[in-house]
Amino acid sequence: MKDSIFEVFEKMFFVFLEEDENAPVNYDMEASIDFTSIISGRMRLLFDGDLIRTMTRNMLNMDADDDVSEETLADCAREAVNMVCGNFLTKIDASDKFSLSGPRCMDVDASHSFFGDAEHRAIMVSASGNVGVVVDVTPDG
Amino acid sequence: MSFNVIVVDDSSSMRSVIKKIITMSGFKMDHCFEAGNGREGLEVMSNNWVDVVVTDINMPVMTGIEMLQEMKKDKLLREIPIIVVSTEANTERVREAIESGASGFIKKPFTPEECRKTLHEVIGVDEDGNYQDDDEGLDF
């Protein structure tokens with residue numbers, strides 16, 4: 001899963017991440033997608049505001065002082081989770097026909113349960129901000 | 001020689017980034033059309049000259065695969081090379097796309113180099129963007 005995140009963030013958003021489980025956990029946006037494969041469940045990406053703005057500007061070749069609409073940020077976040085999840089599933093199951101739901105996005109704040117008791121999670125940091133990744137596997141999925 | 005491209009994707013951000021990566025790749029692109037789904041793509045292609053199609057699969061209204069199938073029914077559009085771009089690059093998806101008439105497949109995320117290579121392959125031009133049989137075809 002971590003390789004997929006690194007690859008997608010570097011190639012599509014020009015953001016270079018490293019894992020840091022002790023990084024501050026405070027996010028502003030969550031993008032999620034459901035998947036069905038040899039395992040099934042939901043992947044969630046949690047972004048802090050600075051990071052998703054940087055990703056969007058990098059992706060769209062915008063200047064640092066260009067305004068980015070909320071809808072564009074959400075669109076970028078949905079694409080990110082779609083690519084990370086697709087990339088992850090391809091790595092674990094390249095021969096099967098897995099399926100993905102449409103990606104969703106919502107604003108979150110400190111009252112949100114970012115990780116809950118998730119077993120599969122990672123916290124990544126970059127010069128532009130932090131991202132959290134959670135994979136909730138459906139039992140017997 | 002430069003080419004007209006249409007990028008079909010329901011995400012405006014992804015259309016922009018595909019356009020950006022094609023530009024970065026050095027591919028000789030003249031005009032880049034955009035469409036938000038397969039139906040819009042067919043409408044654009046019916047009114048404009050397009051040399052190559054770059055399309056997503058999962059889109060509302062009309063999917064990329066459905067658009068391919070419609071193109072294959074049209075005597076003009078059936079000749080346009082089509083590249084499918086998708087996160088779902090498993091063998092089943094690739095096979096489905098090729099059987100529906102796709103000429104190439106690019107897995108997201110992708111680099112400018114991968115993009116240029118696939119564009120050149122499906123159009124049938126060399127690394128300089130020239131048709132590979134150019135020297136033989138001008139003797140008239």
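The values are calculated or read from the model by the stated rules, or taken from the named source; none is laboratory data. Please read these numbers as outputs of a predicted model, since none were measured by experiment. Counting neighbours? That spans all protein chains shown, and the Cβs are built from the backbone with ideal geometry, glycine included.
You will find that of B:S11, B:S100, the residue that is under 30 Å from A:F6 (Cβ atoms) and either in contact (Cβ under 8 Å) with a residue 60 or more places away in the chain or touching a helix residue (DSSP H, G or I) at 6+ places or on another chain (Cβ under 6 Å) (or both) is B:S11 and no other. Scanning the stretch A:69-101 for residues that are more than 7 Å from every other protein chain (Cβ to nearest Cβ), hydrophobic (A, V, I, L, M, F, W, C) and either touching an Asp or Glu at 6+ places or on another chain (Cβ under 6 Å) or more than 20 Å from A:S37 (Cα to Cα) (or both) turns up A:L73, A:A74, A:A77. Considering only the stretch A:86-97, state which residues are free of Cβ contacts under 8 Å to residues at least 60 places away in the same chain, among the hydrophobic types (A, V, I, L, M, F, W, C) and not in a loop (DSSP other than H, G, I, E, B). Selection gives A:L89, A:I92. Residues of the stretch A:1-54 that are buried (at least 16 other Cβ atoms within 10 Å of the Cβ) and aromatic (F, W, Y): A:F6, A:F9, A:F13, A:Y27, A:F35, A:F47. The residue of the stretch B:115-125 that is farthest from the other protein chains (Cβ to nearest Cβ), among those that are modelled with pLDDT of 90 or more and surrounded by 15 or more Cβ atoms within 10 Å (Cβ to Cβ), is B:I123.
Under 25 Å from A:N26 (Cα atoms) and either out of contact with any helix residue (DSSP H, G or I) (no Cβ under 9 Å at 6 or more places or on another chain) or at the interface with chain B (Cβ under 10 Å from one of its Cβ atoms) (or both): does that describe A:A64? Considered against the rule, which asks whether it is under 25 Å from A:N26 (Cα atoms) and either out of contact with any helix residue (DSSP H, G or I) (no Cβ under 9 Å at 6 or more places or on another chain) or at the interface with chain B (Cβ under 10 Å from one of its Cβ atoms) (or both), A:A64 comes out as no. Among the residues of the stretch A:98-117, are any part of a helix (DSSP H, G or I) and of a type outside the set (A, V, I, L, M)? No, the conditions are met nowhere in the stretch A:98-117.
Which residues, taken from the stretch A:52-87, are among the hydrophobic types (A, V, I, L, M, F, W, C) and at pLDDT 90 or above? Correct list: A:I52, A:M55, A:L73, A:A74, A:C76, A:A77, A:A80, A:V81, A:M83, A:V84, A:C85.
For every residue, the table says whether it meets (1) within 14 Å of chain B (Cβ to nearest Cβ); (2) in contact with a Phe, Trp or Tyr (Cβ under 8 Å, 6 or more places away or on another chain); (3) among the aliphatic types (A, V, I, L, M).
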residue: A:D3; (1), (2), (3): yes, no, no
residue: A:E7; (1), (2), (3): yes, no, no
residue: A:E18; (1), (2), (3): no, no, no
residue: A:D28; (1), (2), (3): no, yes, no
residue: A:S37; (1), (2), (3): yes, yes, no
residue: A:S40; (1), (2), (3): no, no, no
residue: A:L51; (1), (2), (3): no, no, yes
